[in-house]
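Asker: Okay, handing you the structure first.
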Amino acid sequence: MGRILCLIGFVLLSAQAWGQGKEIEAVRTILERTAEELAGEENEMALEEIAAHFEKLLKNPMEINRAKREELQQLGILTDFQIESLLEYRQRSGDILSATELQLVNGFHKGIVEVLEPFITFGQGNRKGTGSSNRSSSSVILLKWWLEKGKEEYIGPPFYSQIKYTGTLAGKFTGGFTLEKDPGERITGKGIFPTGDFLSFHIGAQNLPLGRHTSISNLILGDYTVRLGQGLSVWNSFALNGDISTQSAFRRGNPTAPYTSSDENRFFRGGTVTINRNLGRFTDLETTLFFSLKNVDARIKGDTYTSLPSDGLHNTVTLLPTRKTLGEIVYGASTSLKMEKTKIGINYIGYGYNAHNGRKVQEYNRYQMYDGQHGNFSLDISSVIGKVRIFAETALDYGGNFAIVCGVISRIAGWESAATYRSYSKSYIAPYAGAISTGTSCSNQEGFTLSFQKPAGNARITGGGTYTFYPHTRYGMEGPSSSYKLWWKGESATGFGNWDLKLYCKGETVKGADKSASPLKLGLRGSFKAILFHWLWMRLKGETSTLGFAESGTALAIDTELKIWKENIKLLLHGAYFNCPNWDNRLYIYEYDLPSSYVSRLMYGKGFRWYALLQCRIWKNTLLHLKADSDPKVKLGLKMRFF
């Protein structure tokens, strides 16, 4: 589990089951862009959650003529300017009747409409994109299995297995579970199921009326995630902290969501409810309550815990005793006043363990230690004024330490831009926070980020930069230090294919008596995809970087997909050469995995990697995937959809 393993196939396979080649390609475009940016960031749950989000939209597409501003924000594809243009067009001209008419809305060029089509509908009987009806009930089972080479220290069989089920009933009730076993883990023992030592489950309901003006908008029992404000108090769901785009600078999403990932740590277990009260036209009061009680992995010594392992592995005699040994309690509440263009929220979270903190105190972590019960309060606000969005959140922990993040998103002369500023004190403790950060926590940093994008037909230019100052010692850096990164990216799509090219540079500086600077790292990454025939496409992608204009690293890859029998049988071939002799110049490249998911591969040293992936539709709603690679390893994946 030391790599990014995700289930983007949840979306791609659904698009294949319902749609046609054009729509499949639109969906794939969204997810491949995200996979490219996340490669190497060691965020295992990130793409799983994105895949689950778009899987839900494919099953229950958004009615574009009835969606409110907040719902359009949660779609995750549109910018604030596009949302504002859409709302103004609807108010001025009435319902949008087709994808062709949608292209008449300012900011909705042909490329964005093609990407958007699989996830929206224009009204009853006028579904565009995938061509299917809105399925209010569905049931999906996903199976994954492969065998790895055994190791002497393993205490169980060396195979990986995963069983995942998700279901929706009448568009209001949901449920699901995940069973996972990592290579070397036992298949019998206390709290261990024969099919996996990790079990996640949930049941839920949405939009249940409580009265004329009150409803339960979301109820979840079991495992779930919480996302409040801009993430300064709690955001244990996915949030992209890499090259922040104009859309991702502002955190958005429902306050709670069912947990469907296979990461064994970043979730709450218990119950949560969100109640919505309509106070009049365009004004709602939303209240969320949540409570969690579960055991987490920890090394226990007497009545203290000395470390909190986060990889979820329990496959050796050393790791097994850490399994679910520490009790964790989490509780909290949030109240938000939501108006047409403004939202004001107050958030609170409390938490603690049933053992004392016995971790070793070092200079980089001494201000992040707490014992007993701890917690955070925050106040967040966001508002749209014309073509400008402003947002901010400020937070305090039990010790009185503060954190603040604020930003503005605007559109001027066709250029969309975002600017954010953050200031987190060195002693601010928030273990479940997920606000914008260039470190592993929302503490010990001050910084700002600028980003921009300029769409032009089917092309787009994006870029930006970030600078961060760390006033206190951090891991691997003694004393005050700073870091910076600049990037620029151009991309375009045509009927023949698409291309993208990205330039970036980054570096770090240590201040104080031992003032020094790390070598400047320059990089170039790009890809070109050509659709040669309707049954054959080919992609070339590569990346090179240089450290201080001396040592360099290079990775080149080629992907080819052959449709042997329409969408029923496809073969994907991949080969990658890499030459990265220096660890600081290591590169990452993503591969398709099971079923049609992505895995991030580390390119360090010198060598060649390959894999072949066969995708077969063995029944109308059943897909089989077989993958062989240079590890060597053979993987098996199966996805079945019912009613």
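Asker: Does the stretch 595-619 hold any residues that are free of Cβ contacts under 8 Å to residues at least 24 places away in the same chain and not aliphatic (A, V, I, L, M), and which are they?
Answerer: Within the stretch 595-619, Trp619 is the sole residue that qualifies.
Asker: Continuing with this model, one more query. Specify the residue that is modelled with the lowest pLDDT; the eligible residues are those in the stretch 456-474 that are open to solvent by less than 40 Å² (accessible area, probe 1.4 Å) and either of a type in the set (D, E, K, R) or assigned to a strand (DSSP E or B) (or both).
Answerer: Ala459
Asker: Quick one: how many residues across the stretch 434-455 are open to solvent by 30 Å² or more (accessible area, probe 1.4 Å) and within 15 Å of Ala418 (Cβ to Cβ)?
Answerer: Final tally of qualifying residues: 5.
Asker: Please go through the stretch 441-456 and give me each residue that is of a type outside the set (Gly, Ala, Ser), free of Cβ contacts under 8 Å to residues at least 40 places away in the same chain and within 22 Å of Gln247 (Cα to Cα), ordered by number.
Answerer: Across the stretch 441-456, the qualifying residues are Glu446, Phe448, Leu450.
Asker: Scan (1) under 30 Å from Glu508 (Cβ atoms); (2) touching a residue at least 24 places away in the same chain (Cβ under 8 Å); (3) assigned to a strand (DSSP E or B); (4) under 26 Å from the mean Cα position of the chain (by Cα) for the single condition Ser552 breaks and write down its number.
Answerer: (4)
Asker: Just checking, does the stretch 522-534 include any residue being touching a helix residue (DSSP H, G or I) at 6+ places or on another chain (Cβ under 6 Å) and either more than 30 Å from Gly352 (Cβ to Cβ) or in a strand (DSSP E or B) (or both)?
Answerer: Taking the stretch 522-534 first, the residues touching a helix residue (DSSP H, G or I) at 6+ places or on another chain (Cβ under 6 Å) are none.
Within the stretch 522-534, not a single residue is touching a helix residue (DSSP H, G or I) at 6+ places or on another chain (Cβ under 6 Å) and either more than 30 Å from Gly352 (Cβ to Cβ) or in a strand (DSSP E or B) (or both).
Asker: Quickly run through the stretch 475-501 and pick out the residues that are of a type in the set (A, V, I, L, M), under 30 Å from Glu114 (Cα atoms) and at pLDDT below 85.
Answerer: Ala493
Asker: What number of residues within the stretch 339-363 are assigned to a loop (DSSP other than H, G, I, E, B), of a type in the set (S, T, N, Q) and either in contact with a Phe, Trp or Tyr (Cβ under 8 Å, 6 or more places away or on another chain) or over 12 Å from Asp303 (Cα atoms) (or both)?
Answerer: Number of matching residues: 1.
Asker: Which residue is most open to solvent (accessible area, probe 1.4 Å), if the candidates are limited to the stretch 371-403 and must be of a type in the set (Val, Ile, Thr) and in contact (Cβ under 8 Å) with a residue 40 or more places away in the chain?
Answerer: Across the stretch 371-403, the extreme among qualifying residues is Ile385.
Asker: Now for a different question. Take the residues in the stretch 364-390 that are in a strand (DSSP E or B) and among the charged types (D, E, K, R), then tell me which one is farthest from Arg227 (Cα to Cα).
Answerer: Restricting to residues being in a strand (DSSP E or B) and among the charged types (D, E, K, R), the top hit is Arg389.
Asker: Go through the stretch 373-404 residue by residue and tally those that are hydrophobic (A, V, I, L, M, F, W, C) and more than 29 Å from Gln82 (Cα to Cα).
Answerer: So the answer is 5.
Asker: State yes or no: is Lys341 under 24 Å from the mean Cα position of the chain (by Cα) and under 30 Å from Arg252 (Cα atoms)?
Answerer: Spelling it out, it is not the case that Lys341 is under 24 Å from the mean Cα position of the chain (by Cα) and under 30 Å from Arg252 (Cα atoms).
Asker: Just to be sure, is Leu293 in a strand (DSSP E or B) and more than 26 Å from the chain's Cα centre (by Cα)?
Answerer: No; evaluated as a whole, the condition is false for this residue.
Asker: Still on this structure: Can you tell me which condition Ser545 does not meet? The list is (1) within 24 Å of Gly497 (Cα to Cα); (2) assigned to a strand (DSSP E or B), and all the others hold.
Answerer: The number of the failed condition is (1).
Asker: Also, quick follow-up: Is it true that Phe250 is open to solvent by less than 20 Å² (accessible area, probe 1.4 Å), of a type outside the set (S, T, N, Q) and part of a strand (DSSP E or B)? Step through it out loud before you land on a result.
Answerer: On the way: open to solvent by less than 20 Å² (accessible area, probe 1.4 Å): yes; of a type outside the set (S, T, N, Q): yes; part of a strand (DSSP E or B): no.
Answer is no for this residue.
Asker: A further question on this structure: Looking only at the stretch 565-573, decide whether some residue is free of Cβ contacts under 8 Å to residues at least 40 places away in the same chain and farther than 18 Å from Pro632 by Cα.
Answerer: yes
Asker: Being over 27 Å from Tyr592 (Cβ atoms) and either modelled with pLDDT under 80 or open to solvent by less than 60 Å² (accessible area, probe 1.4 Å) (or both) is the requirement here; does Phe119 meet it? Write out each step before concluding.
Answerer: On the way: over 27 Å from Tyr592 (Cβ atoms): no; either modelled with pLDDT under 80 or open to solvent by less than 60 Å² (accessible area, probe 1.4 Å) (or both): yes.
Against the criterion (over 27 Å from Tyr592 (Cβ atoms) and either modelled with pLDDT under 80 or open to solvent by less than 60 Å² (accessible area, probe 1.4 Å) (or both)), Phe119 does not qualify.
Asker: Now, a different point. Output the residues belonging to the stretch 149-184 that are charged (D, E, K, R), open to solvent by less than 50 Å² (accessible area, probe 1.4 Å) and either out of contact with any His (no Cβ under 8 Å at 6 or more places or on another chain) or farther than 30 Å from Lys59 by Cβ (or both).
Answerer: Lys164, Glu180, Lys181
Asker: Just name the residue that is least open to solvent (accessible area, probe 1.4 Å) out of those in the stretch 265-290 that are part of a loop (DSSP other than H, G, I, E, B) and modelled with pLDDT under 90.
Answerer: Across the stretch 265-290, the extreme among qualifying residues is Asn265.
Asker: Take residues that are without any contact (Cβ under 8 Å) to a residue 12 or more places away in the chain and tell me which of the helices (runs of 4 or more DSSP H) falling wholly in the stretch 61-105 contain 2 or more.
Answerer: Correct list: 80-93, 99-102.
Asker: For the stretch 185-214, name all the residues that are closer than 29 Å to Pro255 by Cβ, surrounded by fewer than 16 Cβ atoms within 10 Å (Cβ to Cβ) and small (Gly, Ala, Ser).
Answerer: Correct list: Gly211 only.
Asker: Would you check which residues across the stretch 404-419 are part of a strand (DSSP E or B) and open to solvent by 80 Å² or more (accessible area, probe 1.4 Å) and list them? Explain how you work it out, then say what you get.
Answerer: The initial filter retains those residues of the stretch 404-419 that are part of a strand (DSSP E or B), namely 404-412, 415-419.
Within the stretch 404-419, Ile412, Trp415 meet the criteria.
The values are calculated or read from the model by the stated rules, or taken from the named source; none is laboratory data. Just so we're clear, the structure is a prediction, and the values are computed from it rather than from any experiment. FYI the Cβ positions are ideal-geometry reconstructions off the backbone, even for glycines, and counts take in every protein chain you see. For the accessible areas, the whole protein counts, side chains as well, though only heavy atoms, and no ligand, DNA or RNA atoms are used. Shrake-Rupley method; radii C 1.70, N 1.55, O 1.52, S 1.80 Å.
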